[in-house]
Amino acid sequence: MASSEFTWSCSVPNATKVIQMGHGGGGRLTHQLIDRIFQPVFSNPLLNAQHDGAILPFGNIELAFSTDSYVVQPLFFPGGDIGSLSIHGTVNDLAMCGAKPLYLSASFILEEGFALDQLQKITESMQRTALATGINIVTGDTKVVDRGHGDGLYITTSGIGQIVSKFPISPMSIQPGDAILLSGDIGRHGVTILAARGQLSFETDLISDCADLSRPVLALLQAGIEVHCLRDLTRGGLATAAIELSQKSHLHFLLDEKSIEVGEDVQSCCELLGLNPLYIANEGRFICFVKAEECEKAISILQSHPVSARTHRIGTVREHHPNGLVTAKGIFNSEKVLDMLSGEQLPRIC
């Protein structure tokens, strides 16, 4: 198995025309890559919606279809492993489309020399997670690459779910006046992965927030809440997700920074390393946009589920803005503009 050593560096734009680590961070470089390479070549109405998954008409119903790849290091970490992460990640993307997860495919790229007992643990973890979320793994593929060229194991999962929302859930459905809800504290997954790599000497009892988000989302929809948009806070964290949605909806989002919960351990680690928890990845947190008059009911429903028990309102959608805008109100009630990071704070976190 290849070495899991990492170099601490920030991938920022330069004169070279090659892929950098920052292209995988979910920030400015990722969006430039999509907008300049993939979007123009593959452009079609379904892709151009740029949701967490594609919404596909199928007879009298609609399906959600999503795919994701997982390259996390280390493969096992407090609160999960690459196997459970691969299931949760795709299930959550389907849920963010307002879909009930149904079927999933799994593709494995294995490095020559990878231990079979490790692979056994990971596949068993995937099956336990799939059973718990109610999704079935129904097809897959396996490839092996030369020793030293695969970093042990990469997994790609694709999922299909049935749309159950009565209302269109998308960035374009967000409306001025909407309440912005956050399902819990932020930053735990990214900091947990960082600590698990063992490059730093700090000690923490943190575990990843990696979890199934479909149950609280489906509860909202079954209760008839008019959910306008959902987004899980993976690469790039809360700030990047909010900026993406504001740009697509052409609206101004005002966040109350005082109401955004950051655990003490996460905050301490971020201060030590000069990281901003607003941009750190999560794997069990999402934001939800609902009508202000349904805010309290939505919060009550979400708080009845363990994974979203700490849901609270963190902001409001304000007026139209031609390019989208996200501002955060701090402790002195002054507003600062949030922008996408050019580089990547923490590589290989999912």
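The values are calculated or read from the model by the stated rules, or taken from the named source; none is laboratory data. On a predicted model such as this, the values are computed, not experimentally measured, just so you know. Counting neighbours? That spans all protein chains shown, and the Cβs are built from the backbone with ideal geometry, glycine included.
Table for the structure above
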| read-out | value |
| --- | --- |
| Residues that are surrounded by fewer than 24 Cβ atoms within 10 Å (Cβ to Cβ), under 19 Å from residue 339 (Cβ atoms) and small (Gly, Ala, Ser), drawn from segment 242-297 | 246, 274 |
| Index of the failed condition, residue 35 passing every other in (1) within 17 Å of the chain's Cα centre (by Cα); (2) part of a helix (DSSP H, G or I); (3) at pLDDT below 95 | (1) |
| Flag for residue 343 being at pLDDT below 95 and in a loop (DSSP other than H, G, I, E, B) | yes |
| Condition met for residue 215 (within 27 Å of residue 131 (Cβ to Cβ) and in a helix (DSSP H, G or I)) | yes |
| Residue match in segment 55-62 (condition: under 18 Å from residue 231 (Cα atoms) and either touching a residue at least 24 places away in the same chain (Cβ under 8 Å) or assigned by TED's automatic domain parsing to the domain that holds residue 140 (or both)) | yes |
| Hey, residue 231 among the basic types (Lys, Arg) and either assigned by TED's automatic domain parsing to the domain that holds residue 129 or part of a strand (DSSP E or B) (or both) or not | yes |
| Pair list, Cβ under 7 Å, 6 or more apart: segment 7-27 residue part of a helix (DSSP H, G or I), other residue at pLDDT 75 or above and hydrophobic (A, V, I, L, M, F, W, C) | 22/29; 23/29; 23/33 |
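Listed here are the residues, each with its yes/no results for (1) aromatic (Phe, Trp, Tyr); (2) in contact with a Gly (Cβ under 7 Å, 6 or more places away or on another chain); (3) modelled with pLDDT of 95 or more.
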| position | (1), (2), (3) |
| --- | --- |
| 167 | yes, no, no |
| 195 | no, no, no |
| 198 | no, no, no |
| 223 | no, no, yes |
| 228 | no, no, yes |
| 235 | no, yes, no |
| 238 | no, no, yes |
| 260 | no, no, yes |
